[in-house]
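Trainee: Before I ask anything, let me first share the structure, which is written out below as structure tokens.
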Amino acid sequence: MQSLRVGFIGLGIMGRSMARNIHRAGFPVTVWNRTERKMAEAREWGAETAASPRAVAEVSDVVITCVGDTPDVREVAEGPEGLLKGAREGLIWVDMSTIAPEATRELAARAAEQGVRMLDAPVSGGDIGARQGTLSIMVGGDAEVLETVRPVLEAMGKNIVHCGPHGAGQTVKACNQILCGLNLLGVVEALAFAKKAGVDLEKMIEVTTQGAGGSWALANLAPRIVKGDLAPGFSVRFQQKDLRIVLQEAEQMNLPLVGTAVVQQLLRSVQAYGGDDDGTHALIRVMERLARLDFTR
Ligand code: NAP
């Protein structure tokens with residue numbers, strides 16, 4: 001049994017696998033999730049459950065949050081039953097949600113007032129990476145704190161990089177989302193081209209994945225598109241949240257990001273057709289409408 005007691009808040013698509021992998025690595029894990037049903041599932045694999053984020057913090061040395069957007073992190077941290085209410089000096093809080101870098105810096109300062117050391121540690125690698133424990137983890141905050149919790153992060157990820165001070169993890173994650181969006185646009189256009197030209201889509205994916213045009217999106221999302229499986233993975237709603245963060249930060253820096261803005265607008269069309277909860281690869285629907293193609297119906 002590992003010595004650090006780990007609390008985990010948010011058992012969504014990502015969190016449920018991440019918490020389970022921490023437990024598998026031998027750490028005692030106490031979880032809380034807003035929707036009770038997901039806590040019942042966690043009890044089955046051996047987690048303790050707590051009544052609130054506050055109660056999780058009371059019994060943990062390290063608390064991990066993996067919820068949705070900035071207001072959600074604020075709620076589970078600063079709300080009346082939030083983790084900071086149950087925190088004592090020395091607690092480490094690792095936020096693995098994707099939120100705005102500026103908000104992360106504010107939360108880290110707020111936590112520090114109570115002697116709580118925070119890291120921003122957003123992830124990449126999707127639901128598959130979460131299940132397999134192969135996430136990339138981008139860490140902002142004190143390098144010494146990262147070393148204390150590294151064994152816990154190693155249960156969830158393979159590529160754990162200290163990116164800089166508070167907010168640097170979120171900034172690197174924003175770069176990752178720019179790459180994901182533009183890679184996916186490339187995948188969708190290549191699939192449309194192949195379909196229109198009448199070549200075998202699976203063979204196109206197989207060979208280009210190994211070439212210079214290969215990407216995570218091509219290897220993992222293109223096969224799902226061809227099978228007509230548009231389930232998330234990573235939802236359009238969340239990608240739009242992330243691109244909003246990117247474009248807001250870019251605006252503050254007076255940085256034009258033309259490609260990212262195009263992807264955001266195309267995904268807005270997916271949303272207009274009711275695709276908020278589809279995976280981001282539902283971007284193929286826009287291409288179907290633009291080019292009168294039919295991939296998945
Ligand atoms: P998800 O499946 O929608 O799960 C979200 C989790 O957060 C659920 O446990 C939800 O509780 C909880 N939650 C949301 N708002 C809350 C609030 N106000 N108070 C308390 N709990 C709240 O999302 P996910 O895909 O696991 O993503 C989690 C985070 O990881 C997000 O920031 C996302 O951007 C990031 N991320 C996701 C992926 C991916 O591929 N999915 C990849 C990289 C990063 P309920 O069960 O009650 O709804």
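The values are calculated or read from the model by the stated rules, or taken from the named source; none is laboratory data. Keep in mind the model is a prediction, meaning the values are calculated, not measured. Backbone-built Cβ (ideal geometry, glycine too); neighbour counts: all protein chains shown. For accessibility, only protein heavy atoms count, side chains too; no ligands or nucleic acids. Shrake-Rupley method; radii C 1.70, N 1.55, O 1.52, S 1.80 Å.
To keep it simple, each residue is scored yes or no on (1) over 21 Å from Gln239 (Cβ atoms); (2) open to solvent by 40 Å² or more (accessible area, probe 1.4 Å); (3) aromatic (Phe, Trp, Tyr).
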position: Ala168; (1), (2), (3): yes, no, no
position: Val172; (1), (2), (3): no, yes, no
position: Leu179; (1), (2), (3): no, yes, no
position: Lys196; (1), (2), (3): yes, yes, no
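Trainee: Also: Which one of these does Ile92 not meet: (1) touching a residue at least 40 places away in the same chain (Cβ under 8 Å); (2) out of contact with any Leu (no Cβ under 9 Å at 6 or more places or on another chain)?
Mentor: So the condition that Ile92 fails would be (2).
Trainee: Another question, then. Tell me, which residue of the range 223-234 that is buried (at least 16 other Cβ atoms within 10 Å of the Cβ) and in contact (Cβ under 8 Å) with a residue 40 or more places away in the chain is nearest to the chain's Cα centre (by Cα)?
Mentor: Step one: list which residues in the range 223-234 are buried (at least 16 other Cβ atoms within 10 Å of the Cβ), which gives 223-226, 230, 232-234.
Checking the rest, the ones that are also in contact (Cβ under 8 Å) with a residue 40 or more places away in the chain come to 224-226, 230, 232-234.
Numbers: Arg224: 19, Ile225: 21, Val226: 24, Leu230: 18, Pro232: 12, Gly233: 10, Phe234: 8 Å.
It comes out as Phe234.
Trainee: Taking the range 13-41 only, how many residues are in a loop (DSSP other than H, G, I, E, B), farther than 19 Å from Leu83 by Cα and modelled with pLDDT of 95 or more? Explain how you work it out, then say what you get.
Mentor: The initial filter retains those residues of the range 13-41 that are in a loop (DSSP other than H, G, I, E, B), namely 13-14, 25-28, 33-35.
Imposing the further condition that a residue be farther than 19 Å from Leu83 by Cα reduces the set to 13-14, 25-27.
Keeping just the survivors that are modelled with pLDDT of 95 or more gives 14, 25-27.
Of the residues in the range 13-41, 4 are in a loop (DSSP other than H, G, I, E, B), farther than 19 Å from Leu83 by Cα and modelled with pLDDT of 95 or more.
Trainee: Right, here's the next one. Which one of these does Asn21 not meet: (1) more than 13 Å from the ligand (Cβ to nearest atom); (2) touching a strand residue (DSSP E or B) at 6+ places or on another chain (Cβ under 6 Å); (3) closer than 21 Å to Gly233 by Cα?
Mentor: With respect to (1) more than 13 Å from the ligand (Cβ to nearest atom); (2) touching a strand residue (DSSP E or B) at 6+ places or on another chain (Cβ under 6 Å); (3) closer than 21 Å to Gly233 by Cα, Asn21 is out only on (2).
Trainee: Further question: Out of the range 251-297, which residues are among the β-branched types (Val, Ile, Thr) and either open to solvent by 40 Å² or more (accessible area, probe 1.4 Å) or touching a Ser or Thr at 6+ places or on another chain (Cβ under 8 Å) (or both)?
Mentor: Residues of the range 251-297 that are among the β-branched types (Val, Ile, Thr), as a first pass: 258, 260, 262-263, 270, 280, 284, 286, 296.
Scanning the range 251-297 gives Val258, Val262, Thr280, Ile284, Val286.
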